[in-house]
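Chemist: Below is one structure. I have some questions about it.
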Amino acid sequence: MFKEAKPIWIESKKKDYNRLCGFLLKFHKSEQSDYELNVAAADCYQCYLNGTFLLAGPARSAKDTFRADTLSIGEKLRDGENILVFLVASYKVNTFQYVENDAFLQAEVLCGGKPLTCTDKYTLAFDIPEHVQKTPRYSFQRAFTEVWKLDAGYSEMLAGERVANAREVVLQEEKKILPRASRIPAFSELVPTVVGSGSMLSAQAYENSEVLNGPQFLQPTKIFKTFAGNKLECDLYEEMRGLKTVSFDYEVNGGALEEGLFQLFDFSLDACGFLSLEVVAEKDSVFYVLFDEILRDSDVDPFRLNCLNCVKYVCEQGTYRTLTLEPYTLRYAKIFCAAGRIRVERFCLKEVANPAVKGAKFSFADEKLEKIYRAALNTFAYNCVDIFMDCPSRERAGWLCDGYFTGRVEHLLTGENRTEHDFLENFLLPKKFERLPKGMLPMCYPSDHPDGNFIPTWTMWFVLELDRYASESGDQDMAERARHKIYALLEYFSAFENEFGLLEDLEGWVFIEWSKAAEFTNGVNFCVNMLYALTLETVGKLYRDEAALQRAARMREKIRELSFDGQFFTDHAVRKEGVLTPAKDTTEVCQYYAFFTETATPERYPALWQTLLSDFGPDRKKTGRYPLVWPANAFIGNYLRLSLLERYGCGEQLISEIRGYFTYMADKTMTLWENDTDAASCNHGFASYVLCWLETLNQTKKKGV
């Protein structure tokens, strides 16, 4: 991947959490226009060309492997000398967002395929004192919050015109570099509207011991890495707990923000990107940007989802252009001046989004469907970047099961499976996964799971996704590369098969969905076994394994015998005096698992199918029908239900239920959610699957069916 560049870093301590380092490369532009930048880094980087943002990354990969970003830059260069400045963050902590690796930067500029400049030979390295290192974690799943102490020379540093604390470059061991198949994100700018203003009190003026003396946020443990509270340079959590809104007015204060005042901004949708600010500090100042996906009681709640949605700036008098190092997800933001006086010249979000949605051409005459369609596009764009993510907010993690749904959307919109290639390949690259049982795959990756937690059912979705990916992309090589891991997985599950060939008392986090079904996973869970039967059938077809096909058929017969009570499929069976006995617990989602996995079909169970069509759906909570059948949630029951309506050609009902399930989401955030309420993520990757149903309806309409 690289002609001459070598991986480098600055000498650091073993436990040097949350370190940000700078690197500078210079080169001259000639008359030739064929210039290309190659860059790989860990954990994350931003690149500035002559002081202007150019690129951020990298595309994430498995432990000890790295993907290189390649970008044509000829049109962006100026004549004569050009300067690249890289900001590279090394977190050195376990997260769901990154796998923990040794930090490095490897970069070069090619002209006509020949190196002009590269790391190691021509690099100037330096510390970035403006970045406050010892801050709290942003969430359990992500790394650290951002606190910046800016002086007048910060913009000069980004332009390569000033270097503080120059450091010696240390050559790192050679890295295993892979190409990036996923598209480089679109970094377009989204500008909000100021919709209100008001005043707040900070901790200095707001004396409330109950608020201020709460527990520290995410203290370190034996397996969870972060700074201890007494080691923090800025305890942002405690500072935020000490803020209180005391007045709000929808009349906009368009002038400078004096101490104690804030402005409220609305981006019109729940978007994801780097917070970009142009601010004039008319005197030495302190200000915060607080943000969230929704408003609670007409206010921003920066602690929603157990996150710390805040960036703090301490700045000397002067003018600043700043960009956060990490992307954040928000519809609303409050900029609060805690001290001094600032004037916000420009505030926007530099989006981190898949560029494929810009070319989407579907449209719908129905106003509600059109809005849901646009919301689904937004959801896909922010969650299909370098990998498939569950959400771009609290986690930014590559979860299995979610990826099964997002992958079909990628193929629908682009005709390719580029991001899915990288997403799936990441699970195949490691020879083993630390702290997980032999044969088990991580529930999300690339990430660290030092507690040894895993979701056994998510590995079944990996098999289903791999099969769909191979069919859509024609990449049978990926399926062959996965063969040994899939059979190792089947070997793992074989240890839990009981006398009936059913999985019983699985270990780990046995996830069905976010509903009452989560309480019925002990013993033999029939949703799990239905899914495993489909997994075996998929393995049988993928690898021409007749034994796997026969096992799947036997499992389905036994599930029908034990689970179906004459009206519904019950959720589980438990041992009573050693005898496996079906329990009476029944959930809506279990019915959908039955039909989705073809354990049940409309032909085999016509009465149940008609009941599901007539008496279940988005209005059942209102009607109260079948109160002993616990309701499903968005993830995953409602999506299985709508997939069944698509599969069996129930077009008009599918349209009606899409409106019923998603209109209120699109109205509120212009994205689609993790749950059927806004209590969790309001921008969740799998939810973009709505696009597939809408396209099916669109094609059916074109054919006149």
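Chemist: Condition first: of a type outside the set (D, E, K, R), closer than 18 Å to residue 158 by Cα and part of a loop (DSSP other than H, G, I, E, B). Now tell me which residues in the range 81-132 satisfy that.
Modeler: 119, 122, 123, 128, 129, 132 - these are the residues of the range 81-132 that are of a type outside the set (D, E, K, R), closer than 18 Å to residue 158 by Cα and part of a loop (DSSP other than H, G, I, E, B).
Chemist: Test of understanding: among 275, 295, which residue is over 21 Å from residue 146 (Cα atoms), at pLDDT 95 or above and not aromatic (Phe, Trp, Tyr)?
Modeler: Numbers: 275 fails: over 21 Å from residue 146 (Cα atoms).
The conditions single out 295.
Chemist: If you take the residues in the range 661-705 that are of a type in the set (A, V, I, L, M) and open to solvent by 20 Å² or more (accessible area, probe 1.4 Å), which one is nearest to residue 295 (Cα to Cα)?
Modeler: Of all residues in the range 661-705, those of a type in the set (A, V, I, L, M) come to 665-666, 670, 672, 679-680, 687, 690-691, 694, 697, 705.
If we keep only those that are open to solvent by 20 Å² or more (accessible area, probe 1.4 Å) too, we end up with 670, 679, 697, 705.
Values: 670: 14, 679: 12, 697: 34, 705: 43 Å.
Among residues in the range 661-705 that are of a type in the set (A, V, I, L, M) and open to solvent by 20 Å² or more (accessible area, probe 1.4 Å), the one nearest to residue 295 (Cα to Cα) is 679.
Chemist: If you check every pair at least six apart or on different chains, which have Cβ atoms under 7 Å apart with a residue in the range 497-520 that is in contact (Cβ under 8 Å) with a residue 12 or more places away in the chain first and a residue that is open to solvent by 80 Å² or more (accessible area, probe 1.4 Å) and basic (Lys, Arg) second?
Modeler: Hits for this filter: 501/554.
Chemist: Consider residue 533 carefully, then state whether it is under 23 Å from residue 483 (Cβ atoms) and surrounded by fewer than 20 Cβ atoms within 10 Å (Cβ to Cβ).
Modeler: no
Chemist: If you don't mind, there's one more thing I want to ask. Please specify each residue of the range 289-307 satisfying the condition of being hydroxyl-bearing (Ser, Thr, Tyr) and surrounded by 24 or more Cβ atoms within 10 Å (Cβ to Cβ). Quick ask: steps written out before the conclusion?
Modeler: Here is the first cut: in the range 289-307, the residues hydroxyl-bearing (Ser, Thr, Tyr) are 298.
Once the filter is applied, which keeps residues that are hydroxyl-bearing (Ser, Thr, Tyr) and surrounded by 24 or more Cβ atoms within 10 Å (Cβ to Cβ), the range 289-307 yields nothing.
Chemist: Failed condition for residue 133, given (1) in contact with a Ser or Thr (Cβ under 8 Å, 6 or more places away or on another chain); (2) open to solvent by 40 Å² or more (accessible area, probe 1.4 Å); (3) closer than 24 Å to residue 15 by Cα, with all others met?
Modeler: Result: residue 133 fails condition (1) only.
Chemist: Moving to a separate point now. Can you find a residue that is assigned to a loop (DSSP other than H, G, I, E, B), open to solvent by 30 Å² or more (accessible area, probe 1.4 Å) and closer than 23 Å to residue 142 by Cβ anywhere in the range 417-432?
Modeler: Yes, there is a match, as at least one residue in the range 417-432 is assigned to a loop (DSSP other than H, G, I, E, B), open to solvent by 30 Å² or more (accessible area, probe 1.4 Å) and closer than 23 Å to residue 142 by Cβ.
Chemist: Pick out the one residue from 448, 402, 475 that is closer than 27 Å to residue 525 by Cα, of a type in the set (Asp, Glu) and touching a residue at least 24 places away in the same chain (Cβ under 8 Å).
Modeler: One residue alone meets the criteria, 402.
Chemist: I'm checking my understanding of the structure. Among residues of the range 68-80 that are open to solvent by less than 10 Å² (accessible area, probe 1.4 Å) and either in a strand (DSSP E or B) or of a type in the set (D, E, K, R) (or both), which one is farthest from residue 156 (Cα to Cα)?
Modeler: Selected residue: 68.
Chemist: Another question, if that's okay. Quick one: what pairs do we get from the range 87-102, first residue over 15 Å from residue 20 (Cα atoms), second assigned to a strand (DSSP E or B), C-beta under 8 Å, 6+ apart or different chains?
Modeler: Note: pairs meeting the criteria are 96/444; 98/42; 98/44.
Chemist: Okay, moving on. Taking the criterion of being open to solvent by 30 Å² or more (accessible area, probe 1.4 Å) and assigned to a strand (DSSP E or B), would at least one residue in the range 261-271 satisfy it?
Modeler: Within the range 261-271, one or more residues are open to solvent by 30 Å² or more (accessible area, probe 1.4 Å) and assigned to a strand (DSSP E or B).
Chemist: Filter the range 139-150 down to residues that are open to solvent by less than 10 Å² (accessible area, probe 1.4 Å) and assigned to a loop (DSSP other than H, G, I, E, B) and give me whichever is farthest from residue 39 (Cα to Cα).
Modeler: 139
Chemist: Determine if the range 479-491 includes at least one residue that is within 19 Å of residue 509 (Cα to Cα), of a type outside the set (S, T, N, Q), open to solvent by less than 20 Å² (accessible area, probe 1.4 Å) and outside any helix (DSSP H, G or I).
Modeler: no
Chemist: State whether the residues of the range 43-55 include one that is closer than 22 Å to residue 134 by Cα, charged (D, E, K, R) and touching a strand residue (DSSP E or B) at 6+ places or on another chain (Cβ under 6 Å).
Modeler: Going through the range 43-55, the residues closer than 22 Å to residue 134 by Cα turn out to be 43-46.
From what is left, the residues that are charged (D, E, K, R) are 43.
After this cut, where a residue has to be touching a strand residue (DSSP E or B) at 6+ places or on another chain (Cβ under 6 Å) as well, the list is 43.
Among the residues of the range 43-55, at least one is closer than 22 Å to residue 134 by Cα, charged (D, E, K, R) and touching a strand residue (DSSP E or B) at 6+ places or on another chain (Cβ under 6 Å), which makes the answer yes.
Chemist: Now, a different point. Please identify the pairs in which a residue from the range 452-464 that is under 16 Å from residue 539 (Cβ atoms) and aliphatic (A, V, I, L, M) has its Cβ atom under 6 Å from the Cβ atom of a residue that is open to solvent by 10 Å² or more (accessible area, probe 1.4 Å) and in a helix (DSSP H, G or I), counting only partners at least 6 apart or on another chain.
Modeler: 463/538; 464/404; 464/538
Chemist: Right, here's the next one. Picking from 246, 280, which residue would you name as being of a type in the set (A, V, I, L, M, F, W, C), part of a strand (DSSP E or B), surrounded by 15 or more Cβ atoms within 10 Å (Cβ to Cβ) and in contact with a Gly (Cβ under 9 Å, 6 or more places away or on another chain)? Full working, then the answer.
Modeler: Working: 246 fails: surrounded by 15 or more Cβ atoms within 10 Å (Cβ to Cβ).
Only one candidate passes the filter, namely 280.
Chemist: How many residues does the range 608-660 hold that are under 32 Å from the mean Cα position of the chain (by Cα), surrounded by fewer than 18 Cβ atoms within 10 Å (Cβ to Cβ) and of a type in the set (S, T, N, Q)?
Modeler: 2
Chemist: Next question. Being under 16 Å from residue 558 (Cα atoms) and buried (at least 16 other Cβ atoms within 10 Å of the Cβ) is the filter; apply it to the range 592-607 and report the residue that is farthest from the chain's Cα centre (by Cα).
Modeler: The extreme case among them is 605.
The values are calculated or read from the model by the stated rules, or taken from the named source; none is laboratory data. On a predicted model such as this, the values are computed, not experimentally measured, just so you know. For neighbour counting, all protein chains shown are included, and Cβ atoms are generated from backbone atoms with ideal geometry for every residue, glycine included. Accessible surface areas use protein heavy atoms only, side chains included; no ligands, DNA or RNA. Shrake-Rupley method; radii C 1.70, N 1.55, O 1.52, S 1.80 Å.
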